[in-house]
1. Return the only residue of ARG262, ARG277 being within 30 Å of SER149 (Cβ to Cβ) and either in contact with a helix residue (DSSP H, G or I) (Cβ under 6 Å, 6 or more places away or on another chain) or hydroxyl-bearing (Ser, Thr, Tyr) (or both).
2. For segment 53-100, what are the residues that are open to solvent by less than 30 Å² (accessible area, probe 1.4 Å), under 17 Å from SER39 (Cα atoms) and of a type in the set (S, T, N, Q)?
3. Please identify the pairs in which a residue from segment 103-122 that is closer than 26 Å to GLY227 by Cβ has its Cβ atom under 6 Å from the Cβ atom of a residue that is in a loop (DSSP other than H, G, I, E, B) and among the small types (Gly, Ala, Ser), counting only partners at least 6 apart or on another chain.
4. Take segment 234-255 and flag every residue that is open to solvent by 50 Å² or more (accessible area, probe 1.4 Å) and in contact with a Gly (Cβ under 8 Å, 6 or more places away or on another chain).
5. Please tell me if GLU336 is loosely packed, with under 14 Cβ neighbours inside 10 Å and either modelled with pLDDT of 90 or more or polar (S, T, N, Q) (or both).
6. Taking HIS147 as meeting all but one of (1) at pLDDT 95 or above; (2) closer than 20 Å to PHE110 by Cβ, write down the number of the exception.
7. Mind telling me which of the residues SER174, SER115 ends up being open to solvent by less than 20 Å² (accessible area, probe 1.4 Å), at pLDDT 95 or above and either out of contact with any Pro (no Cβ under 9 Å at 6 or more places or on another chain) or over 30 Å from GLU258 (Cβ atoms) (or both)?
Amino acid sequence: MMAPHSTLALRRFLCSGNGAASALDAAAVRKKNLVFLGSPQVSASVLHKLLAASEDPDSIFQLAAIVTQPPAARDRGRKLMPSAVAQLALERGFPRELIFTPERAAEVAFLSNLSALNPELCITAAYGNILPQKFLDIPSCGTVNIHPSLLPQYRGAAPVQRALQDGVTETGVSLAYTVRALDAGPVIAYEKVKVDECIKATELLAILFNSAGAELLLHELPSILNGSAKLKARPQDDSKATFAPKLTSEESWLSFDEEAKRIHNKVRAFAGWPGTRARVEVVNNVGYHNELEIKIITSGVCSNACNKASDGNEILFSGSALLIPCAGESWLEVLELQLPGKKVMTARDFWNGLRGQKLRKINWKGVTQ
């Protein structure tokens with residue numbers, strides 16, 4: 001649907017007078033060619049601001065092309081759907097011929113088409129593909145990445161999720177030049193962001209890319225395009241680097257033999273995907289035990305004031321939350337949860353559905369604690 005054309009066809013398109021990269025009036029010629037690379041919704045929020053800024057009569061750049069992940073099967077119907085970035089670009093009328101979806105950024109045809117655009121700058125924001133040196137050699141002003149952490153902290157695929165899992169109270173977004181080493185390029189600028197103790201990864205990602213990251217990029221674009229950003233960019237101290245590996249579905253299981261604060265941090269870190277799962281046991285009035293898998297959506301940590309009488313395994317209900325006993329005499333509050341194949345529900349609705357049956361915790365291996 002959005003496969004790259006041959007280099008010859010692309011050049012014909014650029015010279016035809018059609019599309020965002022083809023305007024030949026004097027004002028457009030003075031503008032720098034920028035290529036944007038991104039894929040998920042947080043990337044689309046950055047693209048939205050870039051498109052708006054490029055349409056300003058005084059803009060110093062124009063979007064020459066957009067690069068994103070190929071369409072992927074989504075939802076229950078497994079229908080091939082474009083990425084959020086591609087969808088936004090199409091909705092805004094961006095030429096299909098200038099939306100590239102290579103499987104790998106090292107593809108010869110893709111690199112040839114990119115080079116034909118003569119981009120001065122490439123911008124990446126959660127693109128999700130490794131950029132080879134042959135790619136990095138193309139833009140004259142380099143490639144700049146919006147990375148949602150205060151580099152060199154949390155280099156890697158899941159910086160926001162791992163930061164929340166660690167319980168940080170401050171994070172930020174960095175604007176850095178891309179080099180072959182992972183997230184190790186010189187930092188042009190950064191913006192610090194305070195982290196609320198209840199914010200989820202999906203919410204923090206939106207703040208770091210849309211509010212902080214996009215604005216930081218637009219502020220720094222003039223210096224990047226005139227070359228002065230390279231003079232002020234500071235090399236990272238590799239000795240202080242920490243890493244944020246990709247999340248896996250196997251990590252989603254919770255174990256209540258950890259302290260409630262640690263579990264709560266994992267719940268908000270893994271929000272969206274892969275989520276956090278736990279097993280509990282429903283015990284009816286005649287002692288029949290039925291194991292139940294739940295997905296914990298929203299949680300909190302109970303204060304000492306809500307210590308309740310429990311045998312150490314029984315899950316209680318108070319106010320609007322399930323109270324699950326955890327290590328160190330701590331209690332996890334579960335405010336929202338989801339049963340397999342069902343919609344998200346409040347803890348109160350779930351509790352009412354038990355109709356007087358008791359609830360007990362089970363550890364992640366499926367053994368009653």
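The values are calculated or read from the model by the stated rules, or taken from the named source; none is laboratory data. Just so it is clear, the model here is predicted, and its values are computed rather than measured. Positions of Cβ are generated from backbone atoms using ideal geometry, with glycine treated the same way; all protein chains shown enter the neighbour counts. Just the protein is used for accessible areas: all its heavy atoms, side chains included, with ligands, DNA and RNA removed. Shrake-Rupley method; radii C 1.70, N 1.55, O 1.52, S 1.80 Å.
1. Numbers: ARG262 fails: either in contact with a helix residue (DSSP H, G or I) (Cβ under 6 Å, 6 or more places away or on another chain) or hydroxyl-bearing (Ser, Thr, Tyr) (or both).
ARG277 is the lone residue from the list that is within 30 Å of SER149 (Cβ to Cβ) and either in contact with a helix residue (DSSP H, G or I) (Cβ under 6 Å, 6 or more places away or on another chain) or hydroxyl-bearing (Ser, Thr, Tyr) (or both).
2. The answer is THR68, SER83.
3. GLU120/SER140
4. Hits for segment 234-255 are PHE243, PRO245, LYS246.
5. Numbers: loosely packed, with under 14 Cβ neighbours inside 10 Å: no; either modelled with pLDDT of 90 or more or polar (S, T, N, Q) (or both): yes.
Criteria not met by GLU336.
6. Here HIS147 meets the rest and fails (2).
7. That would be SER174, the only listed residue that is open to solvent by less than 20 Å² (accessible area, probe 1.4 Å), at pLDDT 95 or above and either out of contact with any Pro (no Cβ under 9 Å at 6 or more places or on another chain) or over 30 Å from GLU258 (Cβ atoms) (or both).
The rows are residues; the columns are (1) assigned by the TED database to the domain that holds GLU120; (2) open to solvent by 50 Å² or more (accessible area, probe 1.4 Å); (3) at pLDDT 95 or above.
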site: ASN226; (1), (2), (3): yes, yes, yes
site: LYS232; (1), (2), (3): yes, yes, yes
site: ASP257; (1), (2), (3): no, yes, no
site: LYS261; (1), (2), (3): no, yes, yes
site: ASN265; (1), (2), (3): no, no, yes
site: ILE296; (1), (2), (3): no, no, yes
site: ASN307; (1), (2), (3): no, yes, no
site: GLY312; (1), (2), (3): no, no, no
